[in-house]
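This report concerns only the one structure given below.
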Amino acid sequence: MRITHLLGLLPSKLGLLGINARNVELIYTNNERKFFPNVDNKLRCKELLSAHGIPVPQTYHAVTGLESLRVWQKALEGVHSFVIKPNRGYGGSGILLVERKGELFQSGSTTLDVEDITFHVQQIFNGAFSRDNVSDTAYFEERIINHPGVDAFIADGVEGVTDVRIIFKGNRPLMAMMRVPTRESDGKANLHQGGLGVGIDLETGLSLNGCHYNKVITHHPETGNPLSGIPIPHFFEMIEYGAGISDIIKLGYIGVDFVCDARHGPLVLEVNARPGLNIQIANEEGLKKRLQ
């Protein structure tokens, strides 16, 4: 397996964009702070997108206080699996993937009962996972089922969901990657926890090489399979949907996170006003070159 240290190359040669340059040249100049709540408040973002015909996962129930907390079981009757999320969470913290098992529930390898889930929702409500550590809303959302077209990227036994991040400046896509859960990341598509980033060619919709932490890789570290040359399902629909989001949420530089559901096709999972920079490693190219 060929592995290279992309960050060991000259940043100027690659056109890599650093955090300070991203903040000054892209975020501060294109994203007015007064519009940040349009994305930091995930339920507000979903409402805005849905009102403009952008598909999003279904919200089953939101907990905004004790009364709505007491009725979460009734609201989830007949729902076999779901995700619990903090409305103002970040970095994936506080998200719980749950599957019903008779009178109990399963989250990964952990068995939960009603009291466990209620306690977790209370933690979210108390602000344990919010960006600013203030009282938050917890919500129960439809659980995504991976499109079969992404199976080639996932090791056996890993149940997490892949997503596709596309960075837009206005209505123009700059760069894209798929984030892949691994055994190491415990099924989370989080690059900082050992998930994979796989670059995507904007012209063809085919996968490129990938990155694992800050290393460029050509093969999946857990399966040995090559990463490049695989078509990403519904990729061009994602670009089409994403191109209109900047105008809807009033931010000029965004990362749009899509999932590709086996039943519904592409859905917008969330929008980020401060997208990270590892996408450059996955694409082996800097954002400066794309901007130019």
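Could you order the peptides 168-181, 25-38 from most to least packed, using the average number of other C-beta atoms within 10 Å per residue?
Working: 168-181: 21.6, 25-38: 14.7.
Final packing ranking: 168-181, 25-38.
So what is the relative contact order of segment 59-142, in percent, for Cα pairs below 8 Å that sit 6 or more residues apart? The partial results should precede the final answer.
Working: 144 pairs, mean separation 33.9, N = 84.
It comes to 40 percent, rounded to a whole number.
Return the sequence-ordered ³J(HN,Hα) values of segment 91-107 in whole Hz as given by the Karplus equation 6.51 cos²θ - 1.76 cosθ + 1.60 applied to θ = phi - 60°, using x for Gly and Pro.
x, x, 6, x, 7, 10, 8, 10, 10, 6, 10, x, 7, 10, 9, 10, 10
If contacts are Cα pairs under 8 angstrom and at least 6 residues apart, what is the relative contact order of the chain in percent? Intermediate results must be reported in sequence, preceding the final value.
On the way: 606 pairs, mean separation 68.4, N = 292.
For the chain, the relative contact order is 23 percent.
Could you list which residues have their amide H under 5 Å from that of LEU208, counting only those 5 or more apart in sequence or on another chain, with H placed in the peptide plane?
So LEU208 has HN proximity to GLY199, ILE200, ASP201, GLY229.
Could you please report the charge total around GLY255, scoring K, R as +1 and D, E as -1 over all other residues with beta-carbon less than 15 angstrom from its beta-carbon?
On the way: positive: ARG22, LYS42, ARG165, LYS169, ARG172, ARG179, ARG274, ARG290; negative: ASP40, ASP163, ASP257, GLU270.
With Lys, Arg at +1 and Asp, Glu at -1, the net is +4.
Would you work out the charge dipole size for segment 162-267 about its Cα centre, treating the Cβ of every Lys and Arg as +1 and the Cβ of every Asp and Glu as -1, and quote it to the nearest 20 debye? Show your work: numbers first, answer last.
Details: 9 positive and 11 negative charges, 49 e Å.
Computed charge dipole of segment 162-267: roughly 240 debye.
Could you give the alpha-carbon Rg of segment 59-142 over 2.2 N^0.38 Å, rounded to two decimals?
1.00
In square nanometres, what is the average projected area of the Cα convex hull of the chain?
Values: hull surface 60.0 nm².
The number I arrive at for the chain is 15.0 nm².
Please list, short to long, the whole-number percent of alpha-carbon pairs of segment 1-153 in consecutive 5 angstrom bins beginning at zero.
Calculated over all Cα pairs of segment 1-153, the distribution is 2, 8, 13, 15, 16, 13, 11, 10, 7, 4, 2, 0 percent.
Could you tell me the center-to-center distance, by alpha carbons, between segment 52-70 and segment 232-281 in angstrom?
Their Cα centres are 21 Å away from one another.
Quick check for me: using +1 on Lys/Arg Cβ and -1 on Asp/Glu Cβ, what's the dipole size of segment 59-142 about its Cα centre, in debye to the nearest 20?
Working: 7 positive and 11 negative charges, 32 e Å.
It works out to roughly 160 debye.
Using the Cβ atoms and a cut-off under 13 Å, what net charge is assigned to the surroundings of ALA243, where Lys and Arg are +1 and Asp and Glu are -1? Can you show the working numbers first?
On the way: positive: LYS169, ARG172; negative: GLU237, GLU240, ASP247.
In short, -1.
How large is ³J(HN,Hα), in whole Hz, for each residue of segment 173-180 in order, when computed from phi with the Karplus curve 6.51 cos²θ - 1.76 cosθ + 1.60 and θ = phi - 60°, using x for Gly and Pro?
So the Karplus estimates, Gly and Pro as x, are x, 9, 6, 9, 8, 9, 9, 10 Hz.
Run the dipole for the chain about the Cα centre, Lys and Arg Cβ at +1, Asp and Glu Cβ at -1, nothing else charged, and hand back the magnitude in debye, nearest 20.
1000 debye
What are the residues whose amide H is under 5 Å from the amide H of LEU174, where those residues sit 5 or more places off or on another chain and H is modelled from the backbone?
For LEU174, the qualifying residues are ILE167, PHE168, LYS169.
Taking every alpha carbon pair in segment 152-290, what does the distance histogram look like in 10 angstrom bins from 0, in percent?
Percent of Cα pairs in each bin: 13, 46, 34, 6, 0.
Go through LYS46/LYS215; LYS74/LYS188; LYS42/LYS250; LYS188/LYS288 and tell me which ones have a Cα-Cα distance over 25 Å in this structure. Walk me through the numbers on the way to the answer.
On the way: LYS46/LYS215 34 Å; LYS74/LYS188 28 Å; LYS42/LYS250 15 Å; LYS188/LYS288 29 Å.
Correct reply: LYS46/LYS215; LYS74/LYS188; LYS188/LYS288.
Using modelled backbone amide H atoms (1.01 Å from N, in-plane), which distant-in-sequence or interchain residues come within less than 5 Å of TYR60's amide H?
Those qualifying (amide H under 5 Å, at least 5 residues apart or on another chain) are PHE140, GLU141, GLU142.
With θ set to phi - 60°, apply the Karplus curve 6.51 cos²θ - 1.76 cosθ + 1.60 along segment 258-275 and write out the HN-Hα couplings as whole Hz, x wherever there is a Gly or Pro.
My calculation for segment 258-275 gives 9, 10, 10, 8, 5, 9, 10, x, x, 10, 7, 7, 6, 10, 10, 8, 9, x Hz in order.
In what sequence, highest mean first, do 59-72, 143-156, 188-201, 79-92 appear when ranked by Cβ atoms within 10 angstrom?
On the way: 59-72: 14.9, 143-156: 16.9, 188-201: 21.5, 79-92: 18.6.
Ranked by mean Cβ neighbours within 10 Å, highest first: 188-201, 79-92, 143-156, 59-72.
Bear in mind these aren't lab numbers, they're just calculated from the coordinates by the rules spelled out. Treat the numbers as computed from the prediction; the structure is a model and nothing was measured. Reconstructed Cβ throughout: ideal geometry from the backbone, glycine too, with neighbour counts over all protein chains shown.
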